[in-house]
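The values are calculated or read from the model by the stated rules, or taken from the named source; none is laboratory data. Keep in mind that what you see is a predicted model, and the values were worked out from it rather than measured. When we count neighbours, we look across all protein chains shown, and the Cβ atoms used for this are built from the backbone with ideal geometry, even at glycine. For accessibility, only protein heavy atoms count, side chains too; no ligands or nucleic acids. Shrake-Rupley method; radii C 1.70, N 1.55, O 1.52, S 1.80 Å.
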Amino acid sequence: MLEIEGLHVAVSGKEILKGLSLSIAAGEVHAIMGPNGSGKSTLSYVLAGREGYEIISGSIRYRGEDLAAMAPEERAAKGVFLAMQYPVEIPGVTTMNFLKTALNAQRRARGEKDIDALGVLRLVREKAKALHISEEMLKRALNVGFSGGEKKRLEILQMALFEPALAILDETDSGLDIDALKVVADGVNGLRSSERAMLVITHYQRLLNHIVPDRVHVLYGGRIIKEGGKELAHELEAKGYAEIIREAA
Amino acid sequence: MSALPNRRVEDWKYTDLRNAIEGEAVASAPVARWSVTLSGTVEQNELPEIMARGTHGEMGTVAAAHAKSGIFLHVGKGEQGTVHLELSNAGHGRALIVVEEGASLTLRETMSVGDFSNIAIEIVAGPNAQLHHIREANADGESVRVSDYSIRIAQGATYRAHFADFGAKLSRTELHIALEGEGAEVHLSGVSVLGDGGHADVTTRVTHSAGNAQSTQLFKLIAGGKSRGVYQGKVSVAEGANGSDSRQTAKGLLLGERAEIDLKPELEILADDVKCAHGAAIGDLDPESLFYLRSRGVAEPEARALLMRAFLEDAVAEITDEDIRAEVWSHVEAALAELTA
């Protein structure tokens with residue numbers, strides 16, 4: 001599903017990713033763990049197509065296509081979804097209206113028919129319930145005045161609604177208490193399927209107790225320095241990043 | 001007539017009328033006409049020359065002098081009505097609208113003519129009267145239009161007005177508003193959505209002459225292409241007008257380097273014990289918001305239009321009449337689609 005080969009990426013002229021390679025197949029959940037400044041967020045943004053992230057060399061192939069050549073909206077329509085660490089607040093756009101606009105924009109780009117307002121409402125309601133997202137929240141302006149947990153739940157609601165083939169979760173656990181973490185993790189687990197790949201980016205192992213990955217990669221200095229199964233996350237938690245980095249050096 | 005207002009005159013600094021039209025064309029302009037639609041209990045009469053004594057600006061005075069006849073609309077005590085004024089012949093025009101004690105009126109103004117228009121309208125809201133006024137000016141890069149309102153608000157009365165301007169060669173809306181009675185309220189809002197070649201100037205002069213009166217102003221301006229949006233607002237609180245409450249907000253969104261927005265809120269307070277706030281800000285579309293929307297599949301032009309709509313949202317929401325608000329939104333959305341196309 002996703003093949004990253006020797007990826008070098010610079011932000012404002014500074015090289016952040018320095019030869020990152022990663023391959024994820026459909027049905028798999030991979031975790032990327034790394035300390036602050038290792039390049040985790042850069043990886044998520046470059047996959048989503050944010051401006052200002054310059055690919056110096058290397059390639060990103062998504063379902064055989066060159067992902068880097070696509071506009072962010074094209075990536076979304078083709079099934080790439082990034083749950084952001086800091087979802088943006090947009091006053092003046094209600095959450096419900098945003099969901100409808102985004103869902104139908106993606107459908108239109110794929111040549112599918114729009115879903116009418118009532119249809120979207122029904123769909124959203126059904127998915128919102130499991131994530132403890134109230135009707136009242138959907139009526140509010142997008143992310144405005146939402147707590148950290150509410151913002152993250154809304155990101156997962158979008159993931160449930162858009163049904164992406166590749167979901168990237170960037171620090172989805174940050175700012176969540178244990179109850180909120182469980183709600184979000186259950187939401188994500190409910191979306192695991194044999195057709196979907198997930199990339200979970202996190203600093204801490206805690207989220208991976210709830211979303212159990214098939215593979216764990218340790219990112220440091222812009223490269224993957226160690227890979228392993230789910231037990232690698234526990235090893236990291238026990239030893240700390242410094243020890244793992246020393247071992248890998 | 002004497003020289004036309006130009007940028008050397010402080011009040012006309014951003015709107016040079018002399019540059020937009022010949023003095024001769026102003027002097028020889030005909031008398032304007034409206035097509036009037038009434039419902040409810042509103043009387044319409046010819047406005048005699050001697051009536052209408054409002055405080056107008058330079059051009060309002062010119063309009064009042066040139067327009068030998070005009071229209072007089074009257075809503076009697078406790079009555080209710082709606083009026084739609086559609087400017088059907090350009091030129092100098094004048095109107096007097098009186099809403100008596102406890103009466104209410106929804107006044108809607110639109111225009112379907114270009115060329116040169118110079119309109120002076122006087123509005124008198126009696127004690128506890130309610131006036132909801134919505135004016136829309138379509139995009140017309142050829143026309144020069146000046147509208148000058150003189151509005152007096154009595155005790156307990158509310159005047160709520162919204163001005164949606166889509167830009168002309170020159171467009172000037174001037175509001176002279178006096179809060180004359182205790183507890184009088186004025187709520188002004190407006191949006192200017194300007195494409196290439198568009199100009200719109202809203203100039204407000206609000207005077208709190210009586211105590212415990214309230215004035216709010218919320219204006220949002222979007223300027224694309226080579227265009228210019230102007231908001232100048234001055235609130236004066238007279239001596240003894242204690243308990244006055246005034247809020248003034250103007251925000252501009254610049255879409256390119258050839259567009260210009262000038263915001264000038266001013267406050268003059270001669271009373272004690274008042275609550276006054278004003279603010280102005282000019283910015284660009286937020287790149288973070290744009291990326292967020294695009295990453296969720298919303299194509300760039302649509303995402304830009306959505307953010308611009310969001311920027312205007314609270315100003316348009318000030319229109320309390322649902323049907324008119326929906327209509328204004330449809331015109332705003334069409335203008336935004338043009339700007340982002």
ask   = If you average the sequence gap of Cα pairs under 8 Å that are 6 or more apart and divide by the length of chain B, what percent do you get for the contact order?
value = 10 percent
request  = Would you please classify the overall shape of region A:2-248 from the alpha carbon gyration tensor, given that a ≥ b ≥ c denote the square roots of the eigenvalues, rounded means a/c under 1.5, and beyond that prolate means a/b larger than b/c while oblate covers the rest?
outcome  = prolate
message = Of B:Ala120, A:Ala76, B:Val230, which is farthest towards the positive pole of the protein assembly as shown's charge dipole, taken about the Cα centre with +1 and -1 on the beta-carbons of Lys, Arg and Asp, Glu respectively?
response = A:Ala76
ask   = Quick one: of the DSSP bridges fully inside chain B, what percent are antiparallel, nearest 5?
value = 10 percent
remark   = Amide H proximity to B:Asp115 below 5 Å, modelled H, separation 5+ or other chain, gives B:Ser143, B:Val144
task = With θ set to phi - 60°, apply the Karplus curve 6.51 cos²θ - 1.76 cosθ + 1.60 along region B:301-315 and write out the HN-Hα couplings as whole Hz, x wherever there is a Gly or Pro.
result = x, 5, 5, 5, 4, 5, 5, 5, 4, 4, 4, 8, 2, 5, 6
ask   = B:Asp201's amide H: which non-local residues (gap 5+, or another chain) put their own amide H closer than 5 Å, with H modeled 1.01 Å from N in plane and none for Pro or chain starts?
value = B:Ser171, B:Arg172, B:Thr173, B:Val230
task = Report, for the protein assembly as shown, the % of DSSP beta bridges that are antiparallel, rounded to 5.
result = 20 percent
ask   = For the protein assembly as shown, what is the mean residue ellipticity at 222 nm derived from helices alone (per DSSP H run of n ≥ 4: -39500 (n - 2.57); sum divided by total residues; nearest 500 deg cm²/dmol)?
value = -8000 deg cm²/dmol
ask   = For A:Asp114, what charge total do you get from the other residues with a beta carbon under 15 Å from its beta carbon, if Lys and Arg give +1 and Asp and Glu give -1?
value = +3
ask   = B:Thr61 accessible area, nearest 10 Å², 1.4 Å probe?
value = 80 Å²
inquiry  = At a threshold of 8 angstrom on Cα-Cα distance, excluding pairs fewer than six apart, so keeping six or more, what relative contact order does chain A reach in percent?
reply    = 29 percent
message = Let me make sure I get this right: for the protein assembly as shown, a, b and c are the square roots of the gyration tensor eigenvalues over alpha carbons, sorted descending. Under 1.5 in a/c it's rounded, otherwise prolate if a/b > b/c, else oblate. Which is it?
response = prolate
task = Round to the nearest 10 and report in Å² the accessible area of B:Lys169, as given by a 1.4 Å probe over the protein chains' heavy atoms.
result = 100 Å²
message = Relative contact order of region B:236-325, please, whole-number percent, based on alpha carbon pairs below 8 angstrom and at least 6 residues apart.
response = 27 percent
request  = Take every DSSP beta bridge whose two residues both sit in region A:2-248, then give the antiparallel share in percent to the nearest 5.
outcome  = 60 percent
note = Put A:Leu121, A:Leu219 in order of accessible area, largest first, probe 1.4 Å, and you get A:Leu121, A:Leu219
note = Pairs over 28 Å Cα to Cα, from A:Lys129/B:Lys251; A:Lys113/A:Lys182; A:Lys78/A:Lys100, come to A:Lys129/B:Lys251; A:Lys113/A:Lys182
ask   = On the accessible surface of region A:2-248, probed at 1.4 Å, how many percent belong to carbon and sulfur atoms?
value = 49 percent
note = Computed for the protein assembly as shown: size of charge dipole around the Cα centre, +1 on C-beta of each Lys and Arg, -1 on C-beta of each Asp and Glu, debye to nearest 20, value 1320 debye
message = Classify region A:1-89 from the C-alpha gyration tensor, please: rounded if a/c falls under 1.5, else prolate or oblate depending on whether a/b exceeds b/c.
response = rounded
task = Could you state the accessible area per residue of the protein assembly as shown in Å², with a 1.4 Å probe and every protein chain left in place?
result = 41 Å²
Net charge dipole size for chain A [Lys, Arg +1 and Asp, Glu -1 on Cβ; Debye, nearest 20] = 360 debye
ask   = With all protein chains present, how much of the accessible area of chain B (probe radius 1.4 Å) comes from carbon and sulfur, to the nearest whole percent?
value = 45 percent
query = Across region A:26-34, in residue order, what do the Karplus-derived ³J(HN,Hα) couplings come to in whole Hz, using 6.51 cos²θ - 1.76 cosθ + 1.60 with θ = phi - 60° and x for Gly and Pro?
reply = 4, x, 9, 10, 10, 10, 10, 10, x
remark   = Simple spin-label estimate for B:Asp284/A:Lys230, 7 Å along Cα→Cβ, in nm, reads 4.7 nm
